[in-house]
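Read the structure below first, then the notes.
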Amino acid sequence: MISSKDFQQLKYDTLKHFWGYTAFRDTQEEIINSIITEKDTLVLLPTGAGKSLCYQLPALLKEGTCLVISPLLALMKDQVNQLKLRGIEAEYLSSELDEYDAETIYNRCKDGLTKILYISPERVSNQQFLQNIEEIQLSFIAVDEAHCISEWGQDFRPSYQNIKEFRKNHPGISCIALTATATPKVLEEIKTKLELQNPKIFQKSFKRENIKIFTEEVSDKYQKIFDIFNFYTQYSGIIYVRTRKDAELLGEFLKKNGLSWRIDYFHGGLSVKEKNIKQNFWKNSGNHVLVTTNAFGMGIDKDDVRFVIHFSPPSSLENYYQEIGRAGRDGKESFAFMLWNQQEILNFDQILKNQIPNKSEFQRIISYLYSIFQIAEYEMPEKIFQLNTAGIQNFTKLSYSKINNVLNFLHNQEIIFYNHYKSLSSLELLLKPDEIDQLPQKDAYFIELLFRNISGISTHKVMFCEQALSNKMNVSIPLIKERLKEMQQKNYLEYVDGALSSIKFLKPRDERATNNTYWKLFEHIQKNKIQKWEEMKFYTENNDYCKMKLILSYFGEKNSKNCGQCSVCEKNKQSIFGKNISAQIISLLSQKPSTIEELSVQLSYHPKENILENLIFLLDSGKVKMLNFRTYTIA
């Protein structure tokens with residue numbers, strides 16, 4: 001039995017060896033101690049507080065495998081990759097893995113080699129998983145993004161409610177539930193629906209003293225962001241946009257205007273290789289900025305992000321708080337800017353309305369999905385199908401946004417596995433090796449070439465890259481794809497092109513469930529989405545209440561004080577002390593000559609007209625002069 005003193009040392013040695021830190025943050029150590037002593041634990045910590053380490057470190061100290069239940073495949077992949085880079089044995093199970101890969105992962109867990117296993121919440125009801133888990137020694141269960149269990153939480157996932165039943169079948173195994181965004185109502189639901197027994201609760205205030213929040217109604221956002229860039233030249237940052245197109249257009253605009261050395265764009269449509277290159281360059285740079293959709297940020301651990309800009313208001317206060325929380329994790333002064341205008345608010349209202357199908361349209365999309373792949377009632381094919389969303393549009397006469405909304409819903413509920421990102425292609429041989437000699441010579445030769453250039457194809461489905469195969473065979477990619485599709489039509493092999501969307505059915509076709517259970521759930525999630533957007537709109541447009549206080553109030557901290565430094569607080573100070581900002585302008589110009597745009601960034605809570613009035617007064621009084629037709633300096 002290890003002594004208490006030795007155990008303390010082991011904790012810190014593990015922290016240093018795998019994470020490189022010599023001390024824990026805030027309540028991390030207390031949370032770890034709670035898990036080690038096998039107590040149910042509930043953790044509500046804001047983004048950037050180091051929640052993941054709270055279950056990852058004790059997983060290494062306890063015997064067995066820690067089971068982590070997480071809602072997003074991208075987040076699971078990111079966490080597992082990061083753990084492996086640290087030398088920690090971790091794996092994830094997902095619907096995209098074939099039986100061979102899944103069996104390998106199960107066996108490593110059974111042998112005690114894998115310390116952390118990530119799964120989606122739907123898997124706790126999967127029979128194959130339940131059979132395998134009986135032979136695996138579990139150390140404890142970690143429920144990440146636990147707010148998903150609540151009907152009123154961000155990203156409601158009904159399958160989270162099956163965790164309670166899973167826990168009943170594994171009595172004595174403690175559970176830790178973690179979230180960064182939960183209102184008091186949601187927090188209570190987490191405790192009840194996970195049946196946490198007398199949980200130790202760790203809750204940190206959502207207040208971020210070091211982040212200054214500015215919201216500004218702006219017509220020319222491109223110019224405003226360019227001005228912000230010119231002021232924060234030495235700092236690393238993130239600009240969040242709503243769409244992939246916005247990310248590319250804004251990125252190109254900034255590059256064309258002399259910022260190509262420190263700007264790049266990022267979104268879910270990039271290949272894994274492209275994402276890794278862009279992400280790693282940003283992480284290791286001191287002044288690089290990424291223009292990105294919300295596909296970026298999960299699990300990112302970068303302390304020196306000095307500013308986060310929202311090009312438009314996000315879909316909810318939960319998302320907004322998580323995203324601005326990626327600034328200033330080192331505790332130093334940082335900035336969160338959100339730009340908006342009335343026209344785009346109206347546009348977003350319309351976009352949200354247009355992407356929600358009615359019941360008839362919902363049924364039509366799902367019915368077409370089963371019909372096009374000839375799937376009968378209660379049938380569930382094993383194969384992966386290539387999906388043409390344009391075909392669904394042509395048949396249903398519905399917008400892409402409605403179709404995509406339904407497909408993402410089916411994916412999130414694990415009714416289907418919908419892959420619309422660039423990924424590796426897959427290839428599975430449907431012939432036995434001794435049947436190849438009986439094929440036409442041309443076909444047999446091509447399959448022999450595949451044997452020589454893609455290892456493992458003779459025994460199981462493999463993932464491969466057409467570019468790498470093209471290089472080896474000295475044949476063009478279009479020709480390789482054409483020949484593979486020919487082979488597929490002859491039923492020699494199963495080929496899924498990773499550059500196109502694909503779909504795999506995870507539950508049998510069930511018209512009754514589609515028309516009732518699935519529709520009611522979809523309808524509830526859409527209503528919740530609209531409610532979240534209305535709350536975000538109020539936060540964005542309101543100019544009477546402290547921005548930080550509004551956030552704290554939303555998350556249940558009702559008696560908080562004004563932050564004294566957001567755009568609203570600064571505006572209120574000016575209304576009390578008058579609008580003469582000449583002293584502030586002189587102070588700024590004494591540090592360096594500036595244009596009115598640069599002064600506007602530094603005094604972002606003041607209207608540009610007010611700054612101009614004060615500059616004219618200072619020019620007339622001889623305290624300020626112009627270096628050229630745009631730049632001001634001290635006289």
Practice prompt. Check cross-link reach from residue 481 to the lysines: straight Cα distance under 20 Å, and skip same-chain residues fewer than eight apart.
Written response: 383, 422, 442, 461, 472, 490
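Counting other Cβ atoms within 10 Å, which GluC sites (Glu not before Pro) in the range 70-171 have at most 11 and lie in a DSSP loop? Before the final figure, lay out each step's value.
Numbers: sites: 89, 91, 96, 99, 103, 122, 134, 135, 145, 151, 165; in loops: 89, 96, 134, 135, 145, 151.
Sparse-neighbourhood loop GluC sites (Glu not before Pro): 134, 135.
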Fill in: Flagged links, alpha-carbon separation over 25 Å, of 39/204; 402/504; 193/302; 51/110
193/302; 51/110
Worksheet item: Between the range 1-80 and the range 307-360, what's the alpha-carbon centroid distance in Å?
Response: 31 Å
Practice prompt. Would you kindly compute the Cα radius of gyration of the range 582-624 and its largest Cα-Cα separation (Dmax), both in Å?
Written response: 9.4, 26
Worksheet item: In the range 497-559, what is the volume of the convex hull around the alpha carbon atoms, normalised per residue and reported in Å³?
Response: 185 Å³
Worksheet item: Under a straight-distance cross-link criterion of Cα-Cα below 13 Å, which aspartates and glutamates are reachable from residue 353, leaving out those fewer than 8 residues away in the same chain?
Response: 523, 534
Fill in: Size of electric dipole in the range 220-330: Cβ of Lys, Arg +1 and of Asp, Glu -1, about Cα centre, debye, nearest 20
240 debye
Fill in: Listed residues 281, 337, 293: farthest to the positive end of the dipole of the range 256-385 (Cβ charges)
281
Response to the item:
Taking Cα atoms, the helix 4-14 axis meets the longest principal axis of the chain at an angle in degrees (rounded to 10) of 90 degrees
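Viscosity 0.890 mPa s, temperature 25 °C: give me the Stokes-Einstein translational D for the range 85-130 in µm²/s, with Rh taken as the Kirkwood radius over C-alpha pairs.
Value of D from the Cα-based Kirkwood radius: 218 µm²/s.
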Discussion item. Please list, by residue number, everything in the range 190-210 whose backbone N is under 12 Å from a paramagnetic label point 7 Å out along Cα→Cβ of residue 333.
Written reply: 210
Fill in: Given charges at Cβ of Lys, Arg, Asp, Glu: the chain dipole, positive-most of 175, 271, 567
567
Worksheet item: Using Cα atoms only, what is the angle between the long axis of helix 184-193 and the major principal axis of the chain, expressed in degrees (0 to 90) to the nearest 10?
Response: 20 degrees
Worksheet entry | DSSP bridge orientation in the chain - percent antiparallel, rounded to nearest 5 | 30 percent
Worksheet item: At residue 485 and residue 621, where each label point lies 7 Å from the Cα along Cα→Cβ, what is the point-to-point distance in nanometres?
Response: 7.4 nm
Worksheet item: Size of the range 360-417 along its principal axes in angstrom, Cα-based, largest extent first?
Response: 29, 22, 22
Discussion item. Taking just the alpha-carbon atoms of the chain, what radius of gyration and Dmax come out, in angstrom?
Written reply: 27.5, 97
Worksheet item: When the convex hull of the C-alpha atoms of the range 431-552 is computed, what volume per residue in Å³ does it have?
Response: 232 Å³
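FYI, it's all coordinate maths here, none of it is from the lab. From a predicted model like this one, the values you see are computed outputs, not experimental measurements. No Cβ is skipped: glycine too gets one built from the backbone with ideal geometry, and neighbour counts run over all protein chains shown.
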